[in-house]
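The next block holds one structure in the form of structure tokens; read it before the comments.
The values are calculated or read from the model by the stated rules, or taken from the named source; none is laboratory data. What you see is a predicted model; the values in this text were computed from it and never measured. Don't worry about glycine lacking a Cβ; one is built from the backbone with ideal geometry, like all the others, and counts go over all protein chains shown.
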Amino acid sequence: MKTKPRLSFWEIWNMSVGFLGIQFGFALQNANASRILLSFGADVHHLSWFWLVAPITGMIVQPIIGYFSDRTWNRLGRRRPYFLVGALMTSMALILMPNAPHLATFIAPMFIGGGLLMIMDASINISMEPFRALVADKLPDEQHTLGFSVQTLLIGIGAVAGSWLPYILTNWMGISNKPAAEGLVPQNVIYSFYFGAFVLISAIIWTIVSTKEYPPDFYEDEKEDAKPKEKFKIPATMWQLLLVQFFSWFALFSMWVYTTPAIAMHFYGTTDPNSVTYQEAGDWVGILFGIYNGVSAIIALSLPIVANKIGRRFTHALALSIGGLSFLSFAIISDPVMLVIPMIGIGIAWGSILAMPYAMLANSLPAKQMGMFMGLFNMSITIPQVVNGIFGGLILQYFFHDDPLNSIIMAGVFMLLGAVSTVFVKDKLDLRKK
């Protein structure tokens, strides 16, 4: 394999802009899917089951897309064809999901909404996995941390915009956040999903036009090809990161599913998803989610600096510790405005989760199988979400007495366990510096 040239900051920026669009759509889904499904008639105990479709589709789709993107080469390149197809499918799902009641004839809207949630997540995964592989494809080892940090910066920008958009449309532009009738989605959410579809397509096209990929022969190495073929082997670093990822993503899934009902119950005094008060709680959750994503964008470019000082393992462990303590602080806060403070800490953890595990992993993977391994590594994201999706509602009902705030506290405990696990990861780049 030829030596990869170092890329400028703006070249790395252009190749990552598409992630801004992906995360814009993903943020709309994360902040609004629970209240959309509740509006359609879903039971709060069953919310995590609906959310299961996201990690399950990711578990199936990402390794397949990774495998085939390693072996693809056409006029658009190696990874870019998947960016485009995934963006088109995601945009279609974004437009259709809030309109599920108008599509319902014989099937309940919540099941149509759940199906569109599955299509949306599968489509996002088609675009997302090759973006992770593209950073490793294009950048030399010493720029991996910067590359994934720039992705995190753009993810944060897209997520802030996506999370805040419903609130902005209501409070700045006067678009109603009240459903026109019971079982319908408010206009501010519908228009947000339409705009998200436009942003996603535009950002993906930006990356496709501005970024060129290295041809397949760039990764050929005559000496390497002359060696006997080694058996497929998962690197030790990947195994070690699996436990870290399990704790981290179990916590994140709890946050995405239960933050809206928890805040509506404890800070707005309602459990009725069709009430105006509940919709106000949902809009405020969008603001809070935007804050943690915004913080992740702000700290993204500082991560390589901190990692250079204390190593990537301890940088990630510190960030997860801050995130875990922030989740636990929900138990002692009484003013919804003060929830901004723990969201800052969660944003620090989120920024590291989006960058550090991938940076630690990329140095240990074979270049010609980067897409496949990144796809397999996605199981460290999807499996904990599946486990949480299966058992989260049961834990809520039988152990937490139907109080979703306890699920947020549980998220804090799991995030702290992830911090402890990170200390035991062997990072090749950290070891080289010793």
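Observations
Per-residue answers, yes or no, for (1) surrounded by 17 or more Cβ atoms within 10 Å (Cβ to Cβ); (2) touching a Pro at 6+ places or on another chain (Cβ under 8 Å); (3) at negative phi; (4) among the hydrophobic types (A, V, I, L, M, F, W, C):
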residue: MET379; (1), (2), (3), (4): yes, yes, yes, yes
residue: ASN388; (1), (2), (3), (4): yes, no, yes, no
residue: LEU396; (1), (2), (3), (4): yes, yes, yes, yes
residue: ASP403; (1), (2), (3), (4): no, no, yes, no
residue: ASN406; (1), (2), (3), (4): yes, no, yes, no
residue: GLY412; (1), (2), (3), (4): yes, no, yes, no
residue: LEU417; (1), (2), (3), (4): yes, no, yes, yes
residue: VAL423; (1), (2), (3), (4): no, no, yes, yes
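- Residue tally, condition under 17 Å from ILE124 (Cα atoms) and part of a helix (DSSP H, G or I), over the range 51-83: 22
- VAL209 falls short on exactly one of the conditions (1) at pLDDT 85 or above; (2) crowded, with 17+ Cβ neighbours inside 10 Å; (3) assigned to a helix (DSSP H, G or I); (4) among the β-branched types (Val, Ile, Thr), and that condition is (2).
Let's see how each residue does on (1) without any contact (Cβ under 8 Å) to a residue 40 or more places away in the chain; (2) farther than 22 Å from VAL295 by Cβ:
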| residue | (1), (2) |
| --- | --- |
| MET338 | yes, no |
| TYR358 | no, no |
| PRO366 | yes, yes |
| ASN378 | no, yes |
| VAL387 | no, yes |
| ILE395 | yes, yes |
| HIS401 | yes, yes |
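- Residue tally, condition crowded, with 23+ Cβ neighbours inside 10 Å and in contact (Cβ under 8 Å) with a residue 40 or more places away in the chain, over the range 115-125: 5
- Single residue of TRP256, TRP284 found to be farther than 25 Å from VAL420 by Cα, part of a helix (DSSP H, G or I), touching a residue at least 24 places away in the same chain (Cβ under 8 Å) and not aliphatic (A, V, I, L, M): TRP284
- Note on the range 59-86: among residues that are closer than 17 Å to ILE383 by Cβ and surrounded by fewer than 24 Cβ atoms within 10 Å (Cβ to Cβ), the one that is modelled with the highest pLDDT is ILE64.
- Among (1) closer than 22 Å to PRO304 by Cα; (2) surrounded by fewer than 19 Cβ atoms within 10 Å (Cβ to Cβ); (3) within 19 Å of the chain's Cα centre (by Cα) - the single one ILE353 does not satisfy: (2)
So that you can scan it fast, the table gives a plain yes or no per residue for (1) acidic (Asp, Glu); (2) touching a Lys or Arg at 6+ places or on another chain (Cβ under 7 Å); (3) surrounded by fewer than 19 Cβ atoms within 10 Å (Cβ to Cβ); (4) not in a helix (DSSP H, G or I):
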{"position": "ALA251", "(1), (2), (3), (4)": "no, no, no, no"}
{"position": "ALA262", "(1), (2), (3), (4)": "no, no, no, no"}
{"position": "THR271", "(1), (2), (3), (4)": "no, no, yes, yes"}
{"position": "PRO304", "(1), (2), (3), (4)": "no, no, no, no"}
{"position": "LYS309", "(1), (2), (3), (4)": "no, no, yes, no"}
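Each row is one residue, and each column tells you yes or no for (1) modelled with pLDDT under 80; (2) among the charged types (D, E, K, R); (3) in contact with a Lys or Arg (Cβ under 6 Å, 6 or more places away or on another chain).
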| site | (1), (2), (3) |
| --- | --- |
| GLY114 | yes, no, no |
| ILE124 | no, no, no |
| GLU129 | yes, yes, no |
| ASP137 | no, yes, no |
| GLN151 | no, no, no |
| GLY158 | no, no, no |
| LEU165 | no, no, no |
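- Subset of the range 401-430 (residues that are of a type in the set (Phe, Trp, Tyr) and either in contact with a His (Cβ under 8 Å, 6 or more places away or on another chain) or outside any helix (DSSP H, G or I) (or both)): PHE424
- Residue tally, condition at pLDDT below 85, surrounded by fewer than 23 Cβ atoms within 10 Å (Cβ to Cβ) and assigned to a helix (DSSP H, G or I), over the range 90-106: 4
- So LEU339, is it surrounded by fewer than 24 Cβ atoms within 10 Å (Cβ to Cβ) and touching a Pro at 6+ places or on another chain (Cβ under 7 Å): no
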